[in-house]
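Here is the structure we will look at, set down as C-alpha cells.
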Amino acid sequence: MPIRWLVYAVAIIVSRAPAMPPLRSLLTLSALCLLSLALSACQSMPSAATGTFVKRELSLDGATYRYQVFVPASRFRKDKAPVVLFLHGSGERGSDGEKQTQAGLGPYLRTHADDFPAIAVFPQSPDGRSWDGDVAQMALAALEAASTEFGGDPQRTYATGLSRGGYGTWELALLQPQRFAALVPICGGITPPGTRPDLDDLEVASVVSHDDPFADAARQLRHIPAWIFHGGKDDVVPPAQSRRMYAALKAEGADVQYTEFPDASHNAWDATYQSDAMWRWLFAQRKP
C-alpha cells in the first residue's frame, strides 16, 4: 500500500474518532502506531529497482548472531536467484553485524547494486574464531535462512571467501560437499601458513591432522568446480597454499582453475571480485 494512503487512512480514523478525550486519544495513538509499523516495514523491504542490504539475526545453541543479506533487484528474483555465501577474513570478525560487508564482496556489491543478479549472504564470525565448529554451522544456517526467505536456487549456491574466509570456503564445502555448485576461495589454504604466530589457528580443521590434508580435501571436493585466486607476493598466506590445493585437485581430475596475480600481496580479493570472467564462470555453474 502506498504511504500516502496510509497517511490518509490515519487522518480519517483520527477525524472520525468520538469526541470523548480518552477514546479519541486511544484511537489516535493506535492509528499512529499502525502508521509507524507500516513505515518501518516499508523501509526494511528491498528496493524493487536496485539491490540492497538487509539485516537479519539468527539464534544457534543459545547464541545470537547478526548477518546481512544482499537482495538483488526484483527483476532478478522473478525465478529463483543464485546464492553466494561470502566468508570474511580475520579483520572483519566481531558481533556488530556490519564489518563483514566492508571488505571484499560487500564493497563490490555497493557499486554494482543495480546489476548484480544474485542473493549474497554475509555471516559474521565472532572475535577470535575461525570458520569451523559452531561458527561454520552458524554460517550454513544463515545461508539456509536467507535462501528460504528470498527464494534462492539450491542448484546454484556458491561459496567464496578471503584469507581466513578462503580457508573457510574449503571447510564449509567439506562439511556439506553436496551443498555448493562452485567455490571461489581467495588467498586461503588448508594448513597453517607459518608466517606469524597469530595465524597458527588458520587451518581447515576437518583435514589438517591427516597425513596429506591437501590430497584428502581434494579427494572429497573433486566433484565441485573451483576457481582459486591468490596474490603472488602474499606474505600473510603464501601462494604455495593455493598452488598445492590446485595441484591436488588437478590430480583428482577436478574442474579447477587457478589464477595468481603476480604483483598482488595479500589483497587478491579486489581483483577477483572485479573480474567479469569470474562472475560469468560462477553463475554458469549448476549442480547436476
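Checking each residue in segment 164-190 for being out of contact with any Phe, Trp or Tyr (no Cβ under 8 Å at 6 or more places or on another chain) and either assigned to a loop (DSSP other than H, G, I, E, B) or charged (D, E, K, R) (or both) picks out 176, 177, 178, 179.
Just one of the numbered conditions (1) surrounded by 17 or more Cβ atoms within 10 Å (Cβ to Cβ); (2) not in a strand (DSSP E or B) is not true of residue 156: (2).
When segment 192-232 is filtered for residues that are under 23 Å from the mean Cα position of the chain (by Cα), part of a loop (DSSP other than H, G, I, E, B) and not charged (D, E, K, R), the ones remaining, listed by number, are 202, 204, 205, 206, 223, 224, 225. Exactly one residue out of 101, 169, 148 is within 26 Å of residue 208 (Cβ to Cβ) and β-branched (Val, Ile, Thr), and it is 169.
Only strands (runs of 3 or more DSSP E) whose full extent lies in segment 56-140 are considered here, and none of them has at least 3 residues that are surrounded by fewer than 17 Cβ atoms within 10 Å (Cβ to Cβ), in contact with a helix residue (DSSP H, G or I) (Cβ under 8 Å, 6 or more places away or on another chain) and outside the structural domain of residue 191 (by TED's automatic domain parsing).
Does any residue of segment 250-272 turn out to be touching a Lys or Arg at 6+ places or on another chain (Cβ under 7 Å), crowded, with 20+ Cβ neighbours inside 10 Å, of a type outside the set (Val, Ile, Thr) and under 23 Å from residue 174 (Cα atoms)? No: zero hits. Residue count for segment 93-132 under the criterion of being under 13 Å from the mean Cα position of the chain (by Cα) and under 19 Å from residue 55 (Cα atoms): the result is 21.
Yes/no per residue for (1) under 18 Å from residue 125 (Cα atoms); (2) out of contact with any Lys or Arg (no Cβ under 9 Å at 6 or more places or on another chain); (3) among the acidic types (Asp, Glu):
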residue	(1), (2), (3)
157	no, no, no
164	yes, no, no
175	yes, yes, no
180	no, no, no
193	no, yes, no
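Is segment 277-286 home to any residue that is surrounded by 16 or more Cβ atoms within 10 Å (Cβ to Cβ), part of a helix (DSSP H, G or I) and out of contact with any strand residue (DSSP E or B) (no Cβ under 8 Å at 6 or more places or on another chain)? Yes, the conditions are met somewhere in segment 277-286. Screening segment 179-206 for residues that are surrounded by fewer than 22 Cβ atoms within 10 Å (Cβ to Cβ) and of a type in the set (A, V, I, L, M) and picking the one that is nearest to residue 256 (Cα to Cα) gives 205.
The values are calculated or read from the model by the stated rules, or taken from the named source; none is laboratory data. Because the structure is predicted, anything quoted here is derived from the model rather than measured. With ideal geometry, Cβ positions are generated from the backbone for all residues, glycine too; neighbour counts draw on all protein chains shown.
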